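One structure is given here, and the rest of the page talks about it.
Values in this text are rule-based calculations from the coordinates and carry no lab data. Fair warning: this is a prediction, and the values are worked out from it, not measured in the lab. Backbone-built Cβ (ideal geometry, glycine too); neighbour counts: all protein chains shown.
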């Protein structure tokens, strides 16, 4: 059985956010991003199920280049 888990990077809740000058988004320079907490729980559960049933966990994400960091963490 293959279990697919989609992970999303979100700004760290401990970080101080600054709104961009145009007011449309936040300034991402030096902003730490982490895997969404709910996605971490989903990944943990998928790993538990796969270990119990002999399945395989596949992790994927969409986004800018920094998403690779989230995927590396998920695979660790």
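Descriptive notes on the structure:
- With the cut-off at under 14 Å, measuring from each backbone N in region 1-17 to a point 7 Å along the Cα-to-Cβ line of residue 36 picks out 5-12.
- nm² value of the averaged projected area, convex hull over the Cα atoms of region 2-75: 5.5
- FRET efficiency for the residue 58 to residue 13 pair, using the beta carbon distance and R₀ = 30 Å, is estimated at 0.65.
- Helix 37-53 vs. the chain, principal-axis angle (Cα, 0 to 90°, nearest 10): 10
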